[in-house]
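A.B. asks: Sharing a structure below in structure tokens format, with a few things to ask.
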Amino acid sequence: MAARSDMRLSFSTEALAAASARQPWLVIGIWLTAVAVSAAIILTLLSGALTTKTHLTNNPESEQADALLKKWRGPDHDIEIVIVQSQQLTVDDPAFQAKVNDLFAHIVGLDVVLAGGNFYTSGDAAFASADRHTTIMLFAMAGDEQEGKDNIGKLLTITDPKDQGQFRVLNAGSATLDDEIQSISGSDLRKGEAIGAPIALLVLVLVFGALIAAGIPLILGLVSVVIAIAMTALLGQAFRFSFLVTNVITMAGLAIGIDYSLFIVSRYREERARGLEKYDAIHATGASAGRAVFFSGLTVVLALLGMLLVPSTIFRSLGGGAIIVVIVSMLVTLTLLPAILGLLGDRINSLRVPFVGRAIDRLNFERHGGFWDRFTRAVMRYPLISLVVASGLLIALAVPVLDLNSGSNGVGTLPHYTESYESFTILQNEFNFGTLSPTEIVVTDNDVSRPEVRDSVASLQAALASNSSLYGKPTFDAKSDRSIALITVPINADPTSDTATKAVRDLRDRLIPAAFSGAGSHVLVTGETAREIDYVDTTAGYTPVVFIFVLGLSFVLLTIVFRSLIVPLKAIVMNLLSVGASYGALVLVFQKGFLNEVFGFQQVDAIEAWVPLWTFSILFGLSMDYHVFLLSRIRERFHKTDDNRESVAFGVRSTAGIITGAALIMASVFGGVALGDLVMFQQIGFGLGVAVLLDATIVRSVLVPAAMELLGRANWYLPRFLR
């Protein structure tokens, strides 16, 4: 009965492989057309599909305050600051004034600038530094915040620092920052590809011993990435994706697409080596490795679906983009790859690599021996000791996660060569950084001019004045109908820093409740820092929901795949160990600074809030690739021999080369991402790389065989009512 059930479940992948292999030119032509169309879509539509703006959809306090302010003031405008500095001249010199007036006239004359102000037009001393060698100009960009970001290029052309004579001209503002981050992100993406792809090709050559076989998985990975980015560009016309989605698609697409192709090509070559004819080998591969790829892909998709539960546009766009590339990678692997195999046949082994190719030809998994076979048997000889030691290592590495600080790393963590970092330093040292992004306190009442409200406002202003080194001078404004009042207070710190975060939390939790106690007013706090706090708190609140969702669905799917309750439960526990160890390594390196300089990483205050949840979702899915591939071979052998120990040894030695190669490929792709300049990519690349390597070594080589040896036939326990 079990064998018949397996045939029914594997029939779709076998039939798909067979049909594709019999009509190779048709299938290849369809995919080549898709790539050509995708390239055109990317060139014409991608830029309009991406955004740097994110928001929460659960209507937190900051969103409520923003909605009230929007009704009062209309759409928010992006505020840009232009810094003019001279080492020789001061703001009192005519040449300095002439330079500022000339720049100001050019900028306010742009159709994308709504209004502006400077030291000379306002006479406000706050526009000049204490040493009078630096001044700032403020400009409101026309349109809403997104339009301001889209149009910032026109302003940056005028303030280009390359041709400013004896003056130094810099830009600061959210649009300028976003423009620079997108530029660095694109550079990081190209750097990651330049590093990861050649290493992946080298690993593939070592695994296959032939250049043609090695090149195919890399090409198919690139095909998956191009088509997935194009689909994202199309969907982005309806709702924009985070600009980070292209990096995520490239990273995940290359890693997953190459791995899936690696599994299929290696199994096809194994079936041919066993004596099967070309089409029979493709059929057998579709029924075995193809089935494993299909269920691996489903597991990854289920894991990523958890990200869509978080009411944040960044999680939904990153999760959506990753789901798209996983589905495309599955389709490419299950159709285009069999078509290529049907066309090439044994020519896939062309361009053999000396020595490596011959060594691979001599491999015979039916024979005992070799490093992995001996290692696995040694582990199973002392299963309890092996299990305790390996689990202890992973748990020890996970301990630092107790100190994990989730948040955002702002302008202060940008590379020091960037204009935004230089501007941030000047604003923080010479002015109040909060001028650029002040905290806004919205007071709603039937009548904000009531004595009780006025007294509360005065009390709050006095409390803010008592810490003038942190809170700048607040301003007060009220709507004409006296239903809303606004207190604006600059905080002299990077809006995403611990300093600013603690200041706004103190506002919400202590200062405002104390000042407005008994006033009967409704008080809300917004601004960049407040939005960041709401984002971090929302992410933390939904993390348990995502974990339960992903673990629950994965358990059900793996129970169906392996006809066992124990195997999926064991796989989930082991994956959680590797994820926990990855979290611990992130905290150890980035927060605590252990070996961070060796890797070339910054020591920062926080792990990006989206990184742990994203890491869990993608890693849980990717780890299941190895588990499904390895356990499929073990289960396949167990049904033939009914010998648990021999089945485990066979499964490990027959998949060791492929899984090791796949892990090295993933680690190289993730490592390329980690070598970028943005801290968020350093964290995501390092975290994923560490987890993959741990999963492919300690988990696959020690925990799996040790646990399966201890459990014996109980590995395949399934209650009668579920059979």
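The values are calculated or read from the model by the stated rules, or taken from the named source; none is laboratory data. It should be emphasised that the depicted structure is a prediction, and the values quoted were computed from it without experimental measurement. All Cβ positions, even for glycine, are placed from backbone atoms using ideal geometry, and neighbour counts span all protein chains on display. Areas reflect the complete protein model, heavy atoms only, side chains present, ligands, DNA and RNA absent. Shrake-Rupley method; radii C 1.70, N 1.55, O 1.52, S 1.80 Å.
A.B. asks: Explain nothing, just the number: dipole magnitude of the range 15-90 about its Cα centre with +1 on each Lys and Arg Cβ and -1 on each Asp and Glu Cβ, in debye rounded to the nearest 20. Before the final figure, lay out each step's value.
C.D. replies: Details: 5 positive and 6 negative charges, 76 e Å.
For the range 15-90, the charge dipole is close to 360 debye.
A.B. asks: Right, here's the next one. Which order do THR13, THR54 take by accessible area at a 1.4 Å probe, largest first?
C.D. replies: Final ranking, largest accessible area leading: THR54, THR13.
A.B. asks: Something else now. Evaluate E = 1/(1 + (r/R0)^6) for ASP124 and SER187, where r is the Cβ-Cβ distance and R0 equals 41 Å; express this FRET efficiency to the nearest 0.05. Before the final figure, lay out each step's value.
C.D. replies: Values: r = 38 Å, r/R0 = 0.93.
So the FRET efficiency works out to roughly 0.60.
A.B. asks: Whole angstrom only: what separates the Cα centroid of the range 317-344 from the Cα centroid of the range 245-262?
C.D. replies: 10 Å
A.B. asks: A follow-up question, please. Taking every pair of alpha-carbon atoms in the range 1-135, what share in percent sits in each 5 Å bin, from 0 to the bin with the longest distance?
C.D. replies: 2, 7, 9, 9, 7, 8, 8, 8, 8, 6, 5, 5, 4, 4, 5, 4, 2, 1, 0
A.B. asks: Which one of GLY74, ALA126, ALA19 has its Cα pushed farthest toward the positive end of the charge dipole of the range 1-159, where Lys and Arg give +1 and Asp and Glu give -1 at the Cβ?
C.D. replies: Result: ALA19.
A.B. asks: Find out how many positive minus negative residues lie around GLN428, taking Lys and Arg as positive, Asp and Glu as negative, among other residues whose Cβ is under 13 Å from that of GLN428.
C.D. replies: Working: positive: none; negative: GLU422, GLU430, ASP494.
So the environment of GLN428 carries a net charge of -3.
A.B. asks: Using the eigenvalues of the Cα gyration tensor, what equivalent ellipsoid semi-axes result for the range 491-562 when each is taken as the square root of five times the eigenvalue, whole Å, largest first? Present the calculation step by step, with values, prior to reporting the outcome.
C.D. replies: Details: eigenvalues 316, 51, 12 Å².
Each semi-axis is √(5λ); the values are 40, 16, 8 Å.
A.B. asks: Now, a different point. Say the dipole of the chain comes from +1 at the beta carbon of Lys and Arg and -1 at that of Asp and Glu; which of ALA609, VAL673, HIS283 then lies farthest toward its positive end?
C.D. replies: Highest projection toward the positive end goes to HIS283.
A.B. asks: Could I ask something else about it? Around PRO24, with a cut-off of 14 angstrom between Cβ atoms, what is the net charge of the other residues, counting Lys and Arg +1 and Asp and Glu -1? Spell out each step's value before the answer.
C.D. replies: Numbers: positive: ARG22, LYS278, ARG347; negative: none.
It works out to a net charge of +3.
A.B. asks: Further question on the same structure: R0 = 30 Å: FRET efficiency of GLN64 with TYR417, Cβ-based, nearest 0.05?
C.D. replies: On the way: r = 39 Å, r/R0 = 1.31.
Working from the Cβ atoms, E equals 0.15.
A.B. asks: Please give me the summed charge of the neighbours of LEU619: other residues whose Cβ is under 11 Å from its Cβ, Lys and Arg +1, Asp and Glu -1.
C.D. replies: Working: positive: none; negative: ASP625, ASP695.
Net of charged neighbours comes to -2.
A.B. asks: A further question follows. For the chain, what number results from the quotient of the Cα radius of gyration and 2.2 N^0.38 Å? Write out the running numbers ahead of the final one.
C.D. replies: Working: Rg = 29.5 Å, N = 723, 2.2 N^0.38 = 26.8 Å.
Dividing the Cα Rg of the chain by 2.2 N^0.38 Å gives 1.10.
A.B. asks: I'd like the distance separating the alpha-carbon centroids of the range 687-705 and the range 55-89, in whole Å.
C.D. replies: The range 687-705 and the range 55-89 have Cα centres separated by 45 Å.
A.B. asks: With a point put 7 Å past each Cα toward its Cβ, work out how far ALA458 is from THR488 in nm, to one decimal.
C.D. replies: 2.4 nm
A.B. asks: So for the range 79-171, Kirkwood radius off the Cα pairs, Stokes-Einstein at 37 °C and 0.692 mPa s: how many µm² s⁻¹? Don't skip to the answer; put the middle values down first.
C.D. replies: Numbers: Rh = 13.4 Å.
For these conditions, the coefficient is 245 µm²/s.
A.B. asks: Shifting gears a bit: Among GLN97, VAL504, ALA214, which residue has its Cα positioned farthest towards the positive end of the charge dipole of the chain, with +1 placed on the Cβ of Lys and Arg, -1 on the Cβ of Asp and Glu, and the dipole taken about the Cα centre?
C.D. replies: ALA214
A.B. asks: In addition: Give me the distance in nm between label points sitting 7 Å out from Cα along the Cα-to-Cβ direction at GLU277 and PHE599, one decimal.
C.D. replies: Distance between label points: 5.3 nm.
A.B. asks: State the Kirkwood hydrodynamic radius of the range 583-660 in Å, one decimal place, computed from all pairs of distinct Cα atoms.
C.D. replies: Values: mean 1/r = 0.0654 Å⁻¹.
It works out to 15.3 Å.
A.B. asks: Between LEU722 and LEU45, how many nm apart are label points set 7 Å from Cα along the C-beta direction?
C.D. replies: In this crude label model, LEU722 to LEU45 measures out at 4.3 nm.
A.B. asks: Could you name the lysines in cross-link range of LYS479, using Cα to Cα under 22 Å and dropping any fewer than eight places away on the same chain?
C.D. replies: Candidates past the 8-residue exclusion: LYS70, LYS71.
A.B. asks: Quick check on the range 191-293: take the gyration tensor over C-alpha atoms, sort the square-rooted eigenvalues as a ≥ b ≥ c, and tell me if it's rounded (a/c under 1.5), prolate or oblate. Please list the in-between numbers first.
C.D. replies: Working: a/c = 3.57, a/b = 1.77, b/c = 2.01.
Since a/c reaches 1.5 but b/c is at least a/b, the shape of the range 191-293 is classed as oblate.
A.B. asks: Once fully extended, how much extra length lies between LYS71 and ALA19, figured as 0.36 nm per residue of separation less the alpha-carbon to alpha-carbon distance?
C.D. replies: On the way: separation 52, 0.36 × 52 = 18.72 nm, distance 5.92 nm.
Between LYS71 and ALA19, full extension yields 12.8 nm more.
A.B. asks: So how far, in whole Å, is the C-alpha centre of the range 603-661 from the one of the range 148-162?
C.D. replies: Comparing the Cα centres of the range 603-661 and the range 148-162, I get a distance of 49 Å.
A.B. asks: Taking amide H positions as placed 1.01 Å from N in the peptide plane, with prolines and chain starts having none, which residues 5 or more places from PHE594, or on another chain, fall under 5 Å of its amide H?
C.D. replies: VAL589
A.B. asks: Please give the peptides 258-270, 30-42, 203-215 ranked by average Cβ packing (other Cβ atoms within 10 Å per residue), highest first, as a rough proxy for protection.
C.D. replies: 258-270, 203-215, 30-42
A.B. asks: Another question about this same structure. Leaving out ligands and nucleic acids, note down the accessible area per residue over the chain with a 1.4 angstrom probe, in whole Å². Walk me through the numbers before you get to the answer.
C.D. replies: Working: 29110 Å² over 723 residues.
That works out to 40 Å² for each residue.
A.B. asks: Per residue of the range 509-524, in order, report the coupling 6.51 cos²θ - 1.76 cosθ + 1.60 (Karplus, θ = phi - 60°) as ³J(HN,Hα) in whole Hz, putting x for Gly and Pro.
C.D. replies: 8, 10, 5, 5, x, 5, 6, 9, 4, x, 7, x, 8, 9, 10, 10
A.B. asks: For the chain, give the magnitude of the charge dipole about the Cα centre (Cβ charges: +1 Lys/Arg, -1 Asp/Glu; no others), in debye to the nearest 20. Mind dumping the intermediate values first?
C.D. replies: Values: 54 positive and 64 negative charges, 838 e Å.
Dipole size: approximately 4020 debye.
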